[in-house]
Amino acid sequence: MGSAGLSRLHGLFAVYKPPGLKWKHLRDTVELQLLKGLNAGKPPTPKQRVRFLLGPMEGSEETELTLTATSVPSLVNHPLVCGPAFTHLKIGMGHRLDTQASGVLVLGVGHGCRLLTDMYDAHLTKRILWGSTQAITKHFFNDRTLRRGCNDDNNYWRTCALTTTCLFPDHVTREKLDRILAMIQGSHQKALVMYSNLDLKTQEAYEMAVRGLIRPMNKSPMLITGIRCLHFAPPEFLLEVQCMHETQKELRKLVHEIGLELKTTAVCSQVRRTRDGFFTLDSALLRTQWDLRNIQDAIRAAAPQVAAELEKSLARRLDTKQLPSPGWSWESQGPSSTFGLERGAGH
Amino acid sequence: MALSAQQIPRWFNSAKLRSLINAAQLTKCFTRPGRTLLHGFSAQPQISSDNCFLQWGFKTYKTSSLWNSSQSTSSSSQENNSTQSSLLPSMDEQSQKPQKIPSFDSELFLEELDELPPLSPMQPISEEEAIQIIADPPLPPASFTLRDYVDHSETLQKLVLLGVDLSKIEKHTEAANLLLRLDFEKDIKQMLLFLKDVGIEDNQLGAFLTKNHAIFSEDLENLKIRVAYLHSKNFSKADVAQMVRKAPFLLNFSVERLDNRLGFFQKELELSVKKTRDLVVRLPRLLTGSLEPVKENMKVYHLELGFKHNEIQHMITRIPKMLTANKRKLTETFDFVHNVMSIPHHIIVKFPQVFNTRLFKIKERHLFLTYLGRAQYDPAKPNYISLDKLVSIPDEIFCEEIAKASVQDFDKFLKTL
């Protein structure tokens with residue numbers, strides 16, 4: 001069971017990280033559970049070793065000594081002597097979630113860890129849902145979560161949560177919120193184009209933009225490709241954000257800025273990731289399911305999708321990386337020399 | 001000066017040995033291996049001895065292994081790890097060797113080399129002698145794992161069969177050294193018989209010895225005195241067996257230390273003698289662990305959490321583990337249970353199990369019940385849910401009976417947290 005189990009443990013799978021759990025503890029817990037499952041298998045068959053024993057030869061009257069080969073069991077392979085067969089597993093973490101955030105978290109095991117960076121580089125879109133309260137309530141529980149939620153941000157946030165002077169103003173309406181969200185989306189879209197290093201004047205870039213496939217080339221700050229308000233019940237509102245290269249801190253800052261734009265204050269009370277690439281909430285494993293069997297099944301279930309997505313993204317990257325070659329059919333109307341310059345600038 | 005006194009005999013030895021080589025003393029050297037083999041153990045081939053006396057400082061362990069192989073009782077001593085003292089037992093056996101050259105000091109390791117005249121590999125030997133040369137690969141003189149020695153040491157084999165986990169013991173080098181040096185018949189057997197007397201079953205011996213491998217260095221008399229002390233304090237035989245099983249290091253504590261600890265618990269908790277006894281039998285770890293966390297936790301319960309003294313006593317007799325719980329976890333759990341779930345002190349006292357469960361479990365279940373509208377913890381009102389039902393029962397039963405929902409609903413709810 002041990003080595004067979006290990007051979008099935010290569011790939012990506014998603015877990016649901018509950019709030020309040022550090023990502024490192026999660027990773028360690030998953031590793032421990034997997035090792036427990038792997039070590040619970042059958043122990044290896046005991047080795048035999050050959051010993052040559054001296055003894056009198058059979059069937060002879062004189063005391064003639066001869067060597068006879070016998071195989072005696074050896075304890076070298078015994079699990080109590082060697083220890084557990086598996087002591088360490090390579091488990092990698094996808095896009096991290098901080099302590100207060102919850103949601104889909106992608107983990108890679110064994111060879112799957114290589115795919116993690118590919119997934120990140122493939123810039124698969126992630127969506128995050130969160131709920132925010134407009135005014136700071138005085139209830140003890142909310143206060144504490146807010147304060148804790150803001151703990152990992154700088155002090156700036158903590159003071160925001162502590163100011164109880166802001167009451168819920170009447171001037172905040174849904175239309176204003178939508179307008180602000182549209183503004184945010186627009187500015188981020190421009191940033192996306194800038195970071196992708198594409199010149200939108202080219203046909204290929206335009207086609208990519210139409211299909212929604214523009215991705216930033218290198219490291220970039222958080223880029224929001226889509227944001228909308230799902231639920232507006234003052235003082236609370238729920239936003240759905242589709243973004244890339246995000247951090248929880250920046251998302252919470254976003255909520256604060258929305259509040260400022262609305263001429264009031266807003267605090268983020270919950271950040272939850274509902275989707276990371278093609279791993280959705282349905283495929284995420286809950287805490288009770290973090291054992292060998294379930295993880296192996298999850299890896300197997302996710303394998304075809306992972307392969308397909310990576311092929312697609314690799315093909316995309318190869319497309320953009322391909323320099324003007326003679327056989328390249330291009331429908332661009334521009335002169336070939338400028339076209340070559342543009343393509344060069346695209347990298 | 002001592003060195004020069006030793007050096008002279010060394011040269012004298014080597015001169016003598018050379019003379020032995022040159023002389024036709026081959027028959028003599030053949031009879032010696034034959035004699036050692038009668039004891040049934042292998043001897044290193046004659047060839048290795050060539051190196052031995054030429055580089056006497058480095059390979060003396062090899063010679064000691066050569067000559068000790070004939071002594072079956074001390075088979076384990078040859079496999080010692082690096083320490084210098086490993087050579088000392090071999091010296092005792094030297095005195096038993098026949099035909100030892102008696103005139104020199106026993107500190108000289110070169111003496112045994114005299115018995116073995118160097119043999120050239122080219123010299124012809126008879127078939128019988130050839131058969132009797134056993135050329136096993138030598139054991140490593142020092143190793144970081146007991147795997148290398150387990151096949152050659154009866155002690156280790158018997159311990160493995162008992163169930164002792166050698167892979168854990170080899171992490172402590174002194175314990176591993178000790179085990180290699182001990183003899184099963186003489187030392188270990190007595191200890192095992194004593195432990196069986198105390199009341200540990202056969203199948204529990206392995207786990208006990210894995211945890212407390214230091215017990216072999218304890219004196220058997222002292223151990224008996226400590227057990228007698230426990231009996232004198234009215235711990236029954238079964239009680240003592242349970243305590244020793246759960247806290248393997250208990251018998252390593254001296255009588256006065258045990259006395260102090262028992263006294264501490266009696267004073268601190270102010271419980272009756274019988275209750276203190278029950279407490280200690282249930283959680284003997286209290287006696288072997290550190291006392292600081294216990295003192296701190298008592299203060300936490302009293303000052304920070306605000307429980308009265310008799311309430312604390314009641315809770316501790318129900319759940320002794322509370323005394324050694326982590327302070328941070330305690331305060332977090334209490335904070336959630338008291339402030340968020342709004343459960344007053346007197347109800348918490350009735351169900352101290354909440355301090356023994358993980359916080360996330362309490363949180364998840366409470367939030368689920370709130371979502372369903374069933375979070376009623378007041379015994380006076382209808383649909384009351386007691387705390388022990390909240391925390392102690394497994395998920396499926398909780399979902400069906402308490403929350404009256406399915407497990408899938410619970411999972412879906414967890415994914416919205």
> Pairs, please: C-beta under 9 Å, at least 6 apart or cross-chain, first residue more than 11 Å from every other protein chain (Cβ to nearest Cβ) and in region B:359-382, second assigned to a loop (DSSP other than H, G, I, E, B) and β-branched (Val, Ile, Thr)?
Replying inline: B:369/B:385; B:371/B:416; B:374/B:385; B:375/B:385; B:376/B:385; B:377/B:343; B:377/B:385; B:378/B:343
>> Tell me yes or no: at least one residue of region A:41-49 is within 12 Å of chain B (Cβ to nearest Cβ), part of a strand (DSSP E or B) and out of contact with any helix residue (DSSP H, G or I) (no Cβ under 7 Å at 6 or more places or on another chain).
In response: yes
> Quick one: residue B:386 ticks every box in (1) modelled with pLDDT under 90; (2) away from every other protein chain (no Cβ under 13 Å); (3) more than 45 Å from the chain's Cα centre (by Cα) bar one, so which box is it?
Replying inline: (3)
>> Please go through (1) small (Gly, Ala, Ser); (2) farther than 20 Å from residue A:80 by Cβ; (3) part of a helix (DSSP H, G or I) for residue B:206 and return the number of the only condition it doesn't satisfy.
In response: (2)
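Does residue A:319 fit the bill of being modelled with pLDDT under 85, under 22 Å from residue A:115 (Cβ atoms) and either assigned to a helix (DSSP H, G or I) or among the polar types (S, T, N, Q) (or both)?
Yes; evaluated as a whole, the condition is true for this residue.
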> In region A:220-229, is there at least one residue being surrounded by fewer than 21 Cβ atoms within 10 Å (Cβ to Cβ) and more than 27 Å from the chain's Cα centre (by Cα)?
Replying inline: no
> Can you tell me which residue in region A:62-84 is surrounded by the fewest Cβ atoms within 10 Å (Cβ to Cβ), limited to those that are of a type in the set (A, V, I, L, M) and within 11 Å of another protein chain (Cβ to nearest Cβ)?
Replying inline: A:72
> What helices (runs of 4 or more DSSP H) lie completely within region B:209-312 and have 1 or more residues being farther than 30 Å from residue B:158 by Cα and not acidic (Asp, Glu)?
Replying inline: B:220-232, B:255-269, B:273-282, B:285-288, B:292-299
> Which ones in region B:211-236 are β-branched (Val, Ile, Thr) and modelled with pLDDT of 90 or more?
Replying inline: B:225, B:227
> So which of B:140, B:124 ends up being of a type outside the set (D, E, K, R), more than 18 Å from residue A:47 (Cα to Cα), out of contact with any Ser or Thr (no Cβ under 9 Å at 6 or more places or on another chain) and modelled with pLDDT of 85 or more?
Replying inline: B:140
> Would you say residue B:146 is buried (at least 16 other Cβ atoms within 10 Å of the Cβ), more than 9 Å from every other protein chain (Cβ to nearest Cβ), in contact (Cβ under 8 Å) with a residue 24 or more places away in the chain and touching a helix residue (DSSP H, G or I) at 6+ places or on another chain (Cβ under 8 Å)?
Replying inline: no
> Among the residues of region A:82-112, which ones are β-branched (Val, Ile, Thr) and more than 20 Å from residue A:36 (Cα to Cα)?
Replying inline: A:99, A:104, A:106
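The values are calculated or read from the model by the stated rules, or taken from the named source; none is laboratory data. Everything quoted here is computed from the prediction, not taken from an experiment. Glycine gets a Cβ as well: all are built from the backbone with ideal geometry, and neighbour counts include every protein chain shown.
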